[in-house]
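Asker: Dropping the structure in here first, questions after.
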Amino acid sequence: MKLMYCVHCQDIVRLFPEKRSCRCGKSWGHYLEDRSTTVQTWPSLSVGIANPDFVQAERAFADAPRAFSPEITMRCWINPVSEPDVTFVQGVPVEEVPVGGEPAPPSAE
C-alpha cells in the first residue's frame, strides 16, 4: 500500500487508481493500471506500508482492541526518488524559509 504525504499541509492520503489530492490541493497522486506503480507530484513523499504487516496488525487489533501487542506494529518507509514503481511529476514547489526566519512575503508583482 502506498500513501502520499504532502509537505505543504502535512496531509497523508491513501492512493487509489483514481487521482486523489491532499487537503490543500497542492499534491496529488494515483496508481497506474498495473496497481503497483504510482504517479504523484514532487515534492510530496511516497510512503510504503508492508501489506502483509498491515493485514496482521488489523487482525490483531480486531482480536484485542484494548491491548498493545507487537502484532499491531508494521513496517513502513519513505520510498526514495529512485524507486522504480513511483514516478514523480513536478508539483508546487515548497516555499523556502531562511534559517531562523520567516518565509519571505509574496512579491507584489
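Asker: If the rule is a partner Cβ under 4.7 Å, which cysteines in the chain fail it?
Answerer: Isolated Cys, the chain: Cys76.
Asker: Order these by the 10 Å Cβ neighbour count, fewest first: Met4, Met74.
Answerer: On the way: Met4 24, Met74 16.
Ordered from fewest to most neighbouring Cβ atoms within 10 Å, Met4, Met74 come out as Met74, Met4.
Asker: Specify the angular offset, from 0 to 90 degrees and rounded to the nearest 10, of the alpha carbon long axis of helix 51-63 from the longest principal axis of the alpha carbons in the chain.
Answerer: 60 degrees
Asker: Distance from the Cα centre of segment 20-42 to that of segment 49-87, in angstrom?
Answerer: Comparing the Cα centres of segment 20-42 and segment 49-87, I get a distance of 20 Å.
Asker: Could you size up the charge dipole of the chain around its Cα centre, putting +1 on the beta carbon of Lys and Arg and -1 on that of Asp and Glu, and report it in debye to the nearest 20?
Answerer: Here the size comes out at about 300 debye.
Asker: Using the 10 angstrom Cβ neighbour count as an exposure proxy, how do Lys19, Lys2 rank, fewest first? Before the final figure, lay out the partial values.
Answerer: Numbers: Lys19 12, Lys2 21.
Neighbour counts put them in this order, fewest first: Lys19, Lys2.
Asker: Any chance you could list the semi-axes, whole Å, largest first, of the equivalent ellipsoid that the Cα gyration tensor gives for the chain, using √(5λ)?
Answerer: So the equivalent ellipsoid measures 32, 19, 12 Å along its semi-axes.
Asker: Further, regarding this structure: For Leu15, Leu32, Leu45, what's the fewest-to-most ordering of other Cβ within 10 Å of each Cβ?
Answerer: Details: Leu15 21, Leu32 12, Leu45 18.
With the sparsest Cβ surroundings first, the list reads Leu32, Leu45, Leu15.
Asker: What nm distance separates the two modelled labels at Met74 and Gln90, each placed 7 Å from Cα along Cα→Cβ?
Answerer: 3.5 nm
Read-outs: derived from the displayed coordinates by stated rules, not from any lab. Bear in mind that the values here come from a model prediction, so they are computed numbers and not experimental data. So basically every Cβ, Gly included, is an ideal-geometry build from the backbone, and we count neighbours across all protein chains shown.
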